[in-house]
1. Output wanted: per-residue J couplings in Hz (rounded whole) for the range 541-553, from phi through Karplus 6.51 cos²θ - 1.76 cosθ + 1.60, θ = phi - 60°, x for Gly and Pro.
2. At 7 Å along the Cα-to-beta-carbon direction for both residue 355 and residue 300, put a label point, then send me their distance in nm to one decimal.
3. Simple spin-label model, 7 Å along Cα-to-Cβ: residue 222 to residue 474 in nm?
4. Net charge around residue 348, counting only other residues with Cβ within less than 14 Å of its Cβ (Lys, Arg = +1; Asp, Glu = -1)?
5. Would you mind counting up the charge near residue 664? Only other residues with Cβ under 9 Å from its Cβ, with Lys and Arg at +1 and Asp and Glu at -1.
6. Which residues does a label at residue 664 reach in the range 565-583, if reach means a backbone N under 17 Å from a point 7 Å past the Cα toward the Cβ?
7. Between the range 620-674 and the range 536-579, what is the separation of their alpha carbon centroids in Å?
8. Could you sort out which of 380/565; 394/654; 409/525; 397/533; 409/545; 250/302 sit more than 23 Å apart by Cα distance in this structure?
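The numbers here are math on the coordinates, done by the rules we state, and not lab data. The shown structure was predicted, so the numbers you read here are calculated from the model rather than taken from an experiment. Quick reminder, even Gly has a Cβ in these numbers, built from the backbone with ideal geometry, and neighbours come from all protein chains shown.
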Amino acid sequence: MGTSPDFSSASTHFHDRVYAADDTTPTVQATSKNGTSDSMTGNRGKDASKRAGDTRPATSSSAGTTGDHDEEEEQRPPLPPRPSLLQADLPSAPSASTMRPALQAKPTTAISSVDIQTLSFPDGTRGTFSTPASRTVSEAVSISAISGGQSTPSRKGRNGSDIDDATSLMSYAPTLRANGDLASLLDEGLSSQSPAWKLLSTQAETVNPFEKVDYEDLSLVDFDHEFDEIEAVDQKGGNEEELLLQWKSKLKHYLILSSAGKPIYSRHGDQNLINGYIGIIQTIISFFQGSKDPLMGFTAGKTRFVVSTDGPLYFVAISRIGESDAQLRSQLEALYMQILSTLTLPTLTHLFTNRPNTDLRRPLEGTETLLSSLADTFTKGSPSALLSALECLKIRKSQRHVINNTLLKARTEKLLYGLIVAGGRLVSVVRPKRHSLHPSDLQLIFNMLFEAGSVKAGGGENWIPVCLPGFNNRGYLYMYVSFLSAFDDGGDLDERPSTAHSTSREDEIAILLISADKESFFELKQMRDDLVKQLEKNGSMEIIKTAVRQGRPSATDIVPGTQLKHFLYKSRANVQFTMPSFSPHFSNLLARRRLMTLYHNLHASTHAKHSHLKVLHCVSRDSISLAWTTPVFEFYCVAGPNASRAGLAQGANKVIQWVKREEERVFIIGGAVF
C-alpha cells in the first residue's frame, strides 16, 4: 500500500521492444499478467476501448502491474514472429496510432488469407489459382433462412460471436435445405461458384462426357471387338489355345446349362471350347445346393459371377463392365423368359421330369439368334431393360387418339392385342379392359422383331406362335406381323412392303395383331389391310412416318442451352420412359456403353436394398451426373466434366417441367380399351 514504484524506465524499455517487433509481425500485442493478449481471450470491454484510442497501448497495458510481475515480463522472451501475410493490406507508411487497432490478433483456424485452388483441365494439365480470402472460416459468415423453415447459424466475427471457437469449422452444403419431396433441386447455395470454376466457363460447352478418355481403367478398351464371333474349334484342336484367349478377352458372358451339367447356350464360343468350364460351374453350383445354401454370386478379381436357378436350368452371367447383381439377375431372367416364349413352362417341365439328362439344344434349335440378340442388347446397354419400361413415339395427344379409334374400328372379334410400333417405340395399343401387356413380354416381342432380324428376313408379313410368359406361361398366342417402311410413299396395299434389306430399326414400322386362335391368320390379315387403308386415309400413317423420320430430339432441342448431354426419365405410374437421341455425343458403340455404365451405377446406387437416396450427384474426371428419384418418376442425366452443379440442377428441373407439359405426347396414358 506504500508509495507507488517508478515504472518509467521499465515501461519505456518494454515500449521499445514492442514497437521493434512491429516491423516483423503486425499482430503482436503487449502481454498481460497471464501472458495472453486481450484479443486472444476475447475480452473487449472498457479497457480494450481505451487502448484503441491510446497512442501507447503497450505502456498503458502494463501500467497496472507490480514490480515483481515487471521483472517476469522483462525475463520472458519475445513472441515468435507470425507469417506477415496480412501486411499486403497495410498502407505504405502507416502511423502507429491509426493502424494499431487493425493489427490486433483474432482467433482463427485459417493458415493464410489466400485460398489456393488446383484444377485439372481436360487435356490432363493442372492449374493453380490463388484467390483472395473473401470469406475465411473465422470471419463473418451468414446464411439466410430457408423457405422451408430451416436455418443455419450465423457468425458475427470480431464484435461478438454466436458460436464458440470449437465450432469454427462448419459445413454450409445445401444438403441441409432439402425438404418435402425434393420438389426442386434449385437452391441459392448451388449458384455459388469459385473463381477457378468461372475461369472454365468458356470450356463448359466444348468438353463432352467421355471426350478425353484416360485408360487407367482398361475395362472397355477392346469393347469394339466384344461382338466379334469366335471360330469353332477344328477337329485336330490346333486352334483351341488361340480361341480360348479370344474367349477370355470377352467382357461379358452368358451361360445356360441344365442341372445335369448339359450345356444349353453360350454367347461366345462353341460347345467344344466351353465344355470344361460348364462342368466346373455345374460342380460349384451343385455343391452349394447340396448344403441348402444356393449360390447367388461371387467375385474373382474384377469379374463378377451371378448365378440364377430356374427349375432345372442354371443361368450364369459373367461381367467385367460394372453392373450390379440385381441388374445381371434381371438380364438372366429375361433369357429364361426367352426360352419359355419358345417352349412354354409345361413343355420345359415335362422334358426334364421324364429325362433329367435332356439336351435342350435340340428343342431350342433355331432360337439361338433370339438369345444372342437379347444378350447383345444387354451388353451394349439397353435403357428399356435397365428401367423395365417402354419407350413411346412422341406425337400429339389428338393424333394418338385418332390412331386408337382407328384400331378399335378395325378390330375383329378374335383380336386379343393390337399394337403399332415405329422405330422400336410404341405408337398405339388396343387391349381388353382387364388385361395389359407386361413390359417383359413387349421386350421379347421387340427383340424378336427389331433386333434378331429373323422375322424381317421372312418378308413383309409373318405368322408366329409365341408364348408371352408375363401374360400366360402355359400356352401359346399367335402373332401376325406386318412391316412397313417409314420412307415408303404408300403404294399398292397388295404389295407387302418389306424392310428385310434395312439395317436400322429406326425406319421400321410394324403392325402386330395377336390372337389366341391359331386359325385366325386370314381374319387378322384382313384387319391389317383395313387398318392401313384407314390410317392412310385420315393422315395418321403420314404422321407416324414423319415422327419416325425426325427421330428423337437432342437434349438441346428439348431444353435450349442446357448443359445436359443425355438423360433418362421414367414415369413410374405409366411404366414408360423417354430420352433424347444418343447422337451426336454417344453415337458410337464405346461411348454408348460408357454412358450406360454410368446409368447402371446411378441406378444401382439409388435402388440398393437399404438405400434411401433421393438425389445423387456424382463427379468424375470425364463427366458429372445426377440421379433423382421420387414416387412419381426416376431421372438420370449426364453432362460434361466442366459443367457446374447449378447448371446440372437447372437442366434437370427444366427437363422435368418439359415432361410434365408434354406428358400426354411422350407417354401413352390409358390407351384404347375394349
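1. So the J values, rounded to whole Hz, are 5, 5, 5, 5, 4, 5, 5, 5, 5, 5, x, 6, x.
2. 3.1 nm
3. 4.8 nm
4. So the environment of residue 348 carries a net charge of +3.
5. My count for the surroundings of residue 664 gives +2.
6. Output list for this probe position: 574.
7. If you average the Cα positions of each part, the centres end up 13 Å apart.
8. On the way: 380/565 19 Å; 394/654 18 Å; 409/525 15 Å; 397/533 21 Å; 409/545 21 Å; 250/302 13 Å.
Exceeds cut-off: none, every pair is within range.
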